[in-house]
Ligand SMILES: [Zn+2]
C-alpha cells in the first residue's frame, strides 16, 4: 500500500490541468476548463476540469474524479500503477528504497525535524529561565494556557540553542538550513534563524508541522518571520489554522491577516478563522479554500494597505467561484483588538452584517481600466453590468446600478437596461442547467454503477445528497462520528452508497483524516466518477449549512421507508427534482 502522504504529494505535484492537457485540448470557461471528452465521442465539449477542486467531470458520460482517476482511465492502469506513473512524472519518491540523494533532506526528514524543533520551542516557553518576557507577552495578549497548548505555541531563545539541540538528535547543519531553522553567516558559521520570538507552528490538514511563524516580543523588525519555502512547505498554498478551521467552515470561512487574530478568535470560540502566512492571498490559497467552503469573509486590517489587499483578494477568490464578503470594523484596527474590546458576541454580529462586497468588487473592477479612454470605459461598463446582474434582488440591483452609473458617469437608465439583459441571460443559463439535471436523472435508469438505484429512486437521491455533503465538509463527517447526527451504514439502502459511507468514516477516523482522492484505492474509476458527481452537484448548490445536512439525513431515513423496494417512476423522480430546483430557484431569486 502506498502511504497517504505520497498520494497527497502526487496529487499536489501533478497539476491536473497540465496532466489532462497532454491528452485533451482544454480551453478556459469561467473558472473552469473545458474540452472534448476523451472517454466518449462528442462534438461539443462537456468534459470539464475544475481548477478549484483539482477534479474533472464529463457531463456527457459521467466520467469523473481526480488526476489519478484520469490517468487510470486513459492509460487503463490500476490505482497503484497510476500513482506510480504520476509519482515518477513529478519526481515524488515512493518510499522503501532508502536512497541518500544530495538534493537536500526529504519532506519526511524536514517534517520530523520540525516536530523536534516544535517540542524544543514549547519546552523553552514552559521551562526556560529566559522565556519570562515571552510568557509575559502572551499573557498581555490574553492567551490562556489552554490556547497556548492548543496551538502549541513556543519560544525561540536563539543563541544557537536550537542548532545544538538538533545536532544532538543527529540532524546535520545542511539539513537544518534546508528546513529554514538555521542559516550560515558569510564566514560559514551556523546560527538559529528564529531568535527571541514567540513561535507558532504551522500545521497542515494532515496534521504535519510544515513550518513556523515567529513574532517578535517588542517593536523590532521584522515583526513576523516565517519559514521560507522548504521541501515541506509552500507559503503560497498554506494557511494558518486551517487544520482546525476545516471542521467549522461549511457555512463560511474567515480569512484574517495575522496569527494573533486567528488565535484570539479561536480562543473566543470563533473557530472558522484562518490566516495567510506573510503573503497576500494567492490563486492556490483560493483553490484550497474553495475545497472547504463556499463563502469567505475577509477581515483585514482597516488601514490603507489592508483595503488594497482586500480588493486584490476579492478578485482572486471570486475567480474560483467563492462568494466573498468583507468585514468592516469600527473602533478597532483588527479582529484581535475588536474581540478584546467588544467581546466575541459583538464580533459574531459583525460577521452576520458583513457587506456583500459590492463596493469592493466594483472598485476592483474599475481600477483595471482607464476611464478616460472610451474603449476601456465601455469594457468597464460591461464588467460593472456583469457584477450587478449577479445580485438576485431587484432592489439591490437598482441601488448598485445608480451607484455604478455615478462612478462611471453614464446614464443610470441605460446601465439598468444592460443589467436586466444580462440578468435574463443568467436566468436562461440556469434553466439550461436544469435540463442537464433532468437528463442526469434519466441516465440513472440503467445505472451501471449503483445497480440498486432503479428500485430505490428516492433513497438514492437522498443518499447522494448526504454523501455529497460528507465528501466536502469535515464538519459533517465529525458530526456523524460524534453521534451529533445519527447516521450509520444501516440507513443506506443501496450497497454502493453504504460502501462509500463506510470508507468515508474509516478514513475520517484514520490518522491523517479523509480526503476524496484516497477513495481511489477502494473504488473503480467509474465509481470514482459517480463519487465526483455527488460532490460536484452539492458544490453547485448555495445553502449547504448544518440544517441542510440534518434535513438530508432525515430525508434519507424516511425515503428508505417510503421506497420500500417498490419501483419509483421516472416521471415521479423528475417531478421531485423539479420541485427541488424550483425551491433553489426561489432562493436565488431566479423567478420564472
Ligand atoms: Zn465523456
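The values are calculated or read from the model by the stated rules, or taken from the named source; none is laboratory data. Being a predicted model, the structure only gives us computed values, none of them experimental. So basically every Cβ, Gly included, is an ideal-geometry build from the backbone, and we count neighbours across all protein chains shown.
Observations on the model:
- Taking the stretch 1-42 as the range and being without any contact (Cβ under 8 Å) to a residue 24 or more places away in the chain, assigned to a loop (DSSP other than H, G, I, E, B) and within 12 Å of the ligand (Cβ to nearest atom) as the test, the residues that pass are 24, 36, 40, 41, 42.
- Among (1) in contact with a helix residue (DSSP H, G or I) (Cβ under 7 Å, 6 or more places away or on another chain); (2) surrounded by fewer than 24 Cβ atoms within 10 Å (Cβ to Cβ); (3) farther than 25 Å from residue 155 by Cβ, the one test that residue 250 misses: (2)
- Scanning the stretch 51-62 for residues that are at pLDDT below 90 and within 15 Å of the ligand (Cβ to nearest atom) yields 59, 60, 61, 62.
- Scanning the stretch 392-426 for residues being at pLDDT 90 or above and outside any helix (DSSP H, G or I) gives a total of 3.
- Residue satisfying condition, being more than 29 Å from residue 470 (Cα to Cα), in contact (Cβ under 8 Å) with a residue 40 or more places away in the chain, in contact with a helix residue (DSSP H, G or I) (Cβ under 6 Å, 6 or more places away or on another chain) and not in a loop (DSSP other than H, G, I, E, B), within set 260, 314: 260
- If you go through the stretch 63-72 and keep only what is part of a loop (DSSP other than H, G, I, E, B) and within 11 Å of the ligand (Cβ to nearest atom), you end up with just 63.
- Looking only at residues of the stretch 507-557 that are free of Cβ contacts under 8 Å to residues at least 60 places away in the same chain and over 22 Å from the mean Cα position of the chain (by Cα), we find that the one that is surrounded by the most Cβ atoms within 10 Å (Cβ to Cβ) is 523.
- Residue within the stretch 19-29 that is farther than 23 Å from residue 534 by Cα and modelled with pLDDT under 90 present: yes
- Residue selection: residue 152 satisfies the criterion of being on the phi > 0 side of the Ramachandran plot and either at pLDDT 95 or above or in contact with a helix residue (DSSP H, G or I) (Cβ under 8 Å, 6 or more places away or on another chain) (or both).
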